[in-house]
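Student: My structure is below; once you've seen it, I'll send some questions.
The values are calculated or read from the model by the stated rules, or taken from the named source; none is laboratory data. Nothing here was measured: the structure is a model prediction, and the numbers come from that model. Quick reminder, even Gly has a Cβ in these numbers, built from the backbone with ideal geometry, and neighbours come from all protein chains shown.
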């Protein structure tokens, strides 16, 4: 089913209230997805595979040399270990005075041995790439659990008793998306307005900065802004962006500049559009709150702001967007105001 068959030319946030509260069908979920997201995800997988193949090919091609260096490194390790043990014994049994000539010979012998020792520059690229790749994989995944523990220990979990309105909102979005309700936390982040979704093994969770709660509960009693932000983060879970099986095939290619940024922008556009579907809001207030902070966003003239966003062009703005993981604000805002289709990547 095509996107125009789902939305029939209407803006997402202009459709009926009953439709906006209804469960999201698979066709609607696909319609909200950026048209190039799947293509760029495949490209990231291809780059990831290419990086692995290059390293393995170099390892196989230089197998004999790598074996020689491996034996040399093992011998060096044994020699160093032996020297440490001998040095420890000598420190117990040595006499206070030693012959100057013997000291000179010993220093010369050590100097010769140092010349034979391997250095970092002697280690081939493919060995270093394999080593760092393994480190990135293991440490990167363990870091997810570390961050989860860090945020969980310094945050308040959103439950039926703590922020019950938000808890009901998260449950409602999860029901309509057909996903398991993720754990949600609120944490203070020194004035930064943001939120994020993350994953562990077979588990997802979201974290919302406390400053956004001020918008909903204190500053403007504006629950719509908070709803849009939460819907956006839950859209990442719905599309599988915050899962291990999605991220593992692109684990290494995510460090490649520009390409990884473009792929990331497609995901952000997809989640913005699905957030519109879930909330019935255009999301403009949420963007303004992120731009000018929670105290001032209600004072911005939206029409004037949109006209200013339309007028923003130029080569350097294009450069800023190309290396950004999220679309620059003028492109993101115009995509939200349009209410249909896929946002511009470049």
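Student: Go through 237, 208 for me and flag whichever is in a helix (DSSP H, G or I), touching a strand residue (DSSP E or B) at 6+ places or on another chain (Cβ under 6 Å) and buried (at least 21 other Cβ atoms within 10 Å of the Cβ).
Tutor: Details: 208 fails: in a helix (DSSP H, G or I).
Criteria check complete, one pass: 237.
Student: Separate question: For the range 319-331, does any single residue satisfy the condition of being surrounded by fewer than 15 Cβ atoms within 10 Å (Cβ to Cβ) and in a helix (DSSP H, G or I)? Outline the logic, then answer.
Tutor: The first filter runs over the range 319-331 and keeps only residues surrounded by fewer than 15 Cβ atoms within 10 Å (Cβ to Cβ), leaving 319-320, 323, 325.
When the remaining residues are screened for being in a helix (DSSP H, G or I), the result is 319-320.
Yes - at least one qualifying residue is present in the range 319-331.
Student: Looking at the range 245-265 only, could you name the residues that are surrounded by fewer than 22 Cβ atoms within 10 Å (Cβ to Cβ) and within 19 Å of residue 232 (Cα to Cα)?
Tutor: Across the range 245-265, the qualifying residues are 246, 247, 261, 262, 264.
Student: Of the residues that make up the range 156-167, is at least one assigned to a helix (DSSP H, G or I), over 30 Å from residue 51 (Cβ atoms) and either in contact (Cβ under 8 Å) with a residue 24 or more places away in the chain or within 18 Å of the chain's Cα centre (by Cα) (or both)? So that I can check it myself, show each step before the final result.
Tutor: Of the residues in the range 156-167, the ones assigned to a helix (DSSP H, G or I) are 164-167.
Remaining after also requiring over 30 Å from residue 51 (Cβ atoms): 164-167.
Right, trim to either in contact (Cβ under 8 Å) with a residue 24 or more places away in the chain or within 18 Å of the chain's Cα centre (by Cα) (or both) and you get 165-166.
Yes, that holds for at least one residue.
Student: Same structure again: Of the residues that make up the range 268-287, is at least one part of a helix (DSSP H, G or I), in contact (Cβ under 8 Å) with a residue 12 or more places away in the chain and more than 24 Å from residue 30 (Cα to Cα)?
Tutor: Pass one, the range 268-287, residues part of a helix (DSSP H, G or I): 268-279, 284-287.
Then drop every residue that is not in contact (Cβ under 8 Å) with a residue 12 or more places away in the chain, which leaves 268-279, 284-287.
The next check asks that each one be more than 24 Å from residue 30 (Cα to Cα); those that pass are 285.
There is at least one residue in the range 268-287 that is part of a helix (DSSP H, G or I), in contact (Cβ under 8 Å) with a residue 12 or more places away in the chain and more than 24 Å from residue 30 (Cα to Cα).
Student: Specify the residue that is farthest from the chain's Cα centre (by Cα); the eligible residues are those in the range 189-210 that are in contact (Cβ under 8 Å) with a residue 24 or more places away in the chain and under 16 Å from residue 162 (Cα atoms).
Tutor: Across the range 189-210, the extreme among qualifying residues is 210.
Student: Given the conditions (1) more than 29 Å from residue 25 (Cα to Cα); (2) outside any helix (DSSP H, G or I); (3) in contact with a strand residue (DSSP E or B) (Cβ under 7 Å, 6 or more places away or on another chain), report the number of the one that residue 190 does not fulfil.
Tutor: (3)
Student: Within the range 1-47, work out how many residues are at pLDDT 90 or above and not in a helix (DSSP H, G or I).
Tutor: As a first pass, look at the range 1-47 and keep what is at pLDDT 90 or above: 23-47.
Applying the additional criterion that residues be not in a helix (DSSP H, G or I) yields 23-25, 33-36.
Residues that pass the stated criteria total 7.
Student: So which residues in the range 275-288 are within 21 Å of residue 209 (Cα to Cα) and either touching a strand residue (DSSP E or B) at 6+ places or on another chain (Cβ under 9 Å) or surrounded by 24 or more Cβ atoms within 10 Å (Cβ to Cβ) (or both)?
Tutor: 275, 276, 278, 279, 283, 286
Student: Among the numbered conditions (1) at positive phi; (2) touching a residue at least 24 places away in the same chain (Cβ under 8 Å), tell me where residue 140 comes up short.
Tutor: Failing condition for residue 140: (1).
Student: Can you pull out the residues in the range 294-312 that are under 28 Å from the mean Cα position of the chain (by Cα) and not in a helix (DSSP H, G or I)? Don't jump to the end; show me each part of the working.
Tutor: First, the residues of the range 294-312 that are under 28 Å from the mean Cα position of the chain (by Cα): 294, 297, 309, 312.
If the condition is that a residue be under 28 Å from the mean Cα position of the chain (by Cα) and not in a helix (DSSP H, G or I), then 294, 312 are the ones that fit.
Student: Okay, moving on. Within the set of pairs 6+ apart or on separate chains, which have a first residue in the range 216-232 that is outside any helix (DSSP H, G or I), a second that is surrounded by 24 or more Cβ atoms within 10 Å (Cβ to Cβ), and C-beta atoms under 6 Å apart?
Tutor: Close Cβ pairs satisfying both conditions: 222/215.
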